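Colleague: The following block contains the structure, expressed as structure tokens.
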Amino acid sequence: MNCNTVFTTEEAPDLAANIRVATPRQPSAVGTKFDRDKLFVSLYRALGHRQHAISDASALCTTIISKLLKTHSGAVLSVTEIAFVTNETLQHFDSAAAVSYAAYHSIALSE
């Protein structure tokens, strides 16, 4: 069959299996599994005013995870680290989205 279909794959690390997120209520040695979807939904909510909010949130999610992996050597990230990198990235991309994100995540950003 010659349908000229092209198949591609995108490899990515399984962050949920390898990276934990420490919250103030949980010891840093335990933490919860990293959830890319939580980050995506936070970004989507902040970028809701944009015409291409879904694709923007997806691309920013990839960028933020990349930054987190480059700057953090351990297997446990804090909620504060994630919020700070996300807010900083949003400030460079869309200042209104950064303000919206900071409003929802003010506790994590203030720690």
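The values are calculated or read from the model by the stated rules, or taken from the named source; none is laboratory data. This one's a predicted model, so the numbers in the text were calculated from it and none came from an experiment. Backbone-built Cβ (ideal geometry, glycine too); neighbour counts: all protein chains shown.
Colleague: Can you confirm whether S42 is modelled with pLDDT of 85 or more and within 13 Å of the chain's Cα centre (by Cα)? Write out each step before concluding.
Modeller: Working: modelled with pLDDT of 85 or more: yes; within 13 Å of the chain's Cα centre (by Cα): yes.
Yes, satisfied.
Colleague: Restricting the search to the stretch 68-81, which residues are in a helix (DSSP H, G or I), farther than 21 Å from S106 by Cα and not hydroxyl-bearing (S, T, Y)?
Modeller: L69, K70
Every residue, every condition in (1) farther than 14 Å from T23 by Cα; (2) crowded, with 18+ Cβ neighbours inside 10 Å; (3) polar (S, T, N, Q), yes or no:
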site	(1), (2), (3)
T63	yes, no, yes
K70	yes, no, no
L77	no, yes, no
T80	no, no, yes
V85	yes, yes, no
Q91	yes, no, yes
A98	yes, yes, no
H105	no, yes, no
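Colleague: Taking interchain pairs and intrachain pairs at least six residues apart, which have beta carbon atoms under 8 angstrom, with the first residue in the stretch 33-55 and in a helix (DSSP H, G or I) and the second surrounded by fewer than 17 Cβ atoms within 10 Å (Cβ to Cβ)?
Modeller: Listed by first residue and then by second, the contacts come to R36/A16; F40/S58; S42/Y104; Y44/A53; Y44/I54; R45/Y104; A46/Y104.
Colleague: Starting from the stretch 10-27, keep only residues that are under 17 Å from E81 (Cβ atoms) and among the small types (G, A, S), then list their pairs with residues that are at pLDDT below 65 and assigned to a loop (DSSP other than H, G, I, E, B) whose Cβ atoms are within a distance under 9 Å, requiring at least 6 positions of separation or different chains.
Modeller: Here the result reads A22/S28; A22/A29, each pair linking the stretch 10-27 to a residue that is at pLDDT below 65 and assigned to a loop (DSSP other than H, G, I, E, B).
Colleague: Contact list please: Cβ distance under 8 Å, first residue in the stretch 76-92 and farther than 9 Å from I64 by Cα and touching a residue at least 40 places away in the same chain (Cβ under 8 Å), second residue assigned to a helix (DSSP H, G or I) and aromatic (F, W, Y), pairs at least six apart or on different chains.
Modeller: Pairs that qualify, where the first residue is farther than 9 Å from I64 by Cα and touching a residue at least 40 places away in the same chain (Cβ under 8 Å) and the partner is assigned to a helix (DSSP H, G or I) and aromatic (F, W, Y), are L90/Y101.
Colleague: Separate question: Give the residues of the stretch 27-39 that are modelled with pLDDT under 70 and out of contact with any Lys or Arg (no Cβ under 9 Å at 6 or more places or on another chain), sorted by residue number.
Modeller: P27
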